[in-house]
Amino acid sequence: MINSQDIKKGTAIRMDGGIWVCIEFQHRKPGKGNTVMNTKLKNVTDGRVLDRTFQVGMKLEDVRIERRPYQYLYKEGEEYIFMNQESYEQVPIARDLVTGVDFMKESDIVEVVSDADTETILFAEMPIKTNLRITHSEPGIKGDTATNATKPATLETGVEIRVPLFINEGDLVQVDTRDGSYLNRVKE
């Protein structure tokens, strides 16, 4: 058990039949009444986010979670096969449990979060930034660079994103795996 005032960013608790991770918290003392903890919690299984207020001193059931690096090996049906970097054990993880799955290529390292007590995998996260090669893009028109114009480009993983006009086929670009936005061109 954990006291509500001990909740910090990244703390996992079991509540309402699910596991929730704190993504924001604020310790607040209103003018009258008891001190409260305002929290923003994210459900690890379905990604729902909710605001919850706890009275200070309230007991909550904490969950010990472990974060370990796993290497992506290959796709088999709707599951992705990952290898634990420490034990070399291969584990299948469902597509909907992997965030940033559209930008994942073989041999990428992801962070797998699991419940330490039950050894069940909660979710896997790609790094926020990843470098991918452009496999197809229309050539930009010379002189059309005064505006922030963009064009579609296909990445090596098969996903199409919007990139500036100066990006060409074969260029290496950095992509945000949360929303698929272009960040910058990577010099090789």
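Give me the residue from the stretch 107-125 that is within 18 Å of Asp176 (Cα to Cα) and touching a Lys or Arg at 6+ places or on another chain (Cβ under 9 Å) and, out of that set, surrounded by the fewest Cβ atoms within 10 Å (Cβ to Cβ).
Checked the stretch 107-125; the qualifying residue surrounded by the fewest Cβ atoms within 10 Å (Cβ to Cβ) is Glu111.
Search the stretch 177-188 for residues that are touching a residue at least 12 places away in the same chain (Cβ under 8 Å) and pair each with any residue that is open to solvent by 40 Å² or more (accessible area, probe 1.4 Å) and polar (S, T, N, Q) when their beta-carbon atoms are under 9 Å apart and the residues are at least 6 apart or on different chains.
So the pair list comes out as Thr177/Thr99; Arg178/Thr99; Tyr182/Thr150; Tyr182/Gln174; Leu183/Gln174; Arg185/Gln174; Val186/Asn131; Val186/Gln174.
Within the stretch 53-62, identify whether any single residue is open to solvent by less than 40 Å² (accessible area, probe 1.4 Å) and within 22 Å of the chain's Cα centre (by Cα), and answer yes or no. Don't jump to the end; show me each part of the working.
At the first step, the residues of the stretch 53-62 found to be open to solvent by less than 40 Å² (accessible area, probe 1.4 Å) are 54, 60.
Subset that is within 22 Å of the chain's Cα centre (by Cα): none.
Scanning the stretch 53-62, I find no residue that is open to solvent by less than 40 Å² (accessible area, probe 1.4 Å) and within 22 Å of the chain's Cα centre (by Cα), so the answer is no.
What's the total number of residues in the stretch 168-188 that are under 21 Å from Gly100 (Cα atoms), surrounded by fewer than 15 Cβ atoms within 10 Å (Cβ to Cβ) and touching a Gly at 6+ places or on another chain (Cβ under 8 Å)?
1
Tell me, yes or no, whether the stretch 121-137 has at least one residue that is more than 27 Å from Gln174 (Cβ to Cβ) and not basic (Lys, Arg). Write out each step before concluding.
Step one: list which residues in the stretch 121-137 are more than 27 Å from Gln174 (Cβ to Cβ), which gives 121-122.
Now drop any that are not not basic (Lys, Arg), which leaves 121-122.
Within the stretch 121-137, one or more residues are more than 27 Å from Gln174 (Cβ to Cβ) and not basic (Lys, Arg).
Can you say whether Gln85 is over 17 Å from the mean Cα position of the chain (by Cα) and either under 28 Å from Ile2 (Cβ atoms) or modelled with pLDDT under 85 (or both), as far as the supplied structure shows?
Working: over 17 Å from the mean Cα position of the chain (by Cα): yes; either under 28 Å from Ile2 (Cβ atoms) or modelled with pLDDT under 85 (or both): no.
Against the criterion (over 17 Å from the mean Cα position of the chain (by Cα) and either under 28 Å from Ile2 (Cβ atoms) or modelled with pLDDT under 85 (or both)), Gln85 does not qualify.
Name the residues in the stretch 100-142 that are at pLDDT 85 or above and either in contact with a His (Cβ under 6 Å, 6 or more places away or on another chain) or among the hydroxyl-bearing types (Ser, Thr, Tyr) (or both), would you?
Of everything in the stretch 100-142, those that are at pLDDT 85 or above and either in contact with a His (Cβ under 6 Å, 6 or more places away or on another chain) or among the hydroxyl-bearing types (Ser, Thr, Tyr) (or both) turn out to be Ser107, Ser114, Thr130, Thr135, Ser137.
Could you please find all residues in the stretch 64-87 being part of a strand (DSSP E or B) and open to solvent by 70 Å² or more (accessible area, probe 1.4 Å)?
At the first step, the residues of the stretch 64-87 found to be part of a strand (DSSP E or B) are 65-76, 79-84.
Arg67, Arg68, Tyr74, Lys75, Glu76, Glu79, listed by residue number.
Of everything in the stretch 1-24, what is of a type in the set (Gly, Ala, Ser), more than 14 Å from Val49 (Cβ to Cβ) and in contact (Cβ under 8 Å) with a residue 24 or more places away in the chain? Give them in sequence order.
Residues of the stretch 1-24 of a type in the set (Gly, Ala, Ser): 4, 10, 12, 17-18.
Adding the requirement that they be more than 14 Å from Val49 (Cβ to Cβ) leaves 4, 10, 12, 17.
Selection gives Ser4, Ala12.
The values are calculated or read from the model by the stated rules, or taken from the named source; none is laboratory data. Model, not experiment: these values are computed from the prediction. Backbone-built Cβ (ideal geometry, glycine too); neighbour counts: all protein chains shown. To get the accessible areas, we keep the full protein, side chains included, count just its heavy atoms, and leave off ligands, DNA and RNA. Shrake-Rupley method; radii C 1.70, N 1.55, O 1.52, S 1.80 Å.
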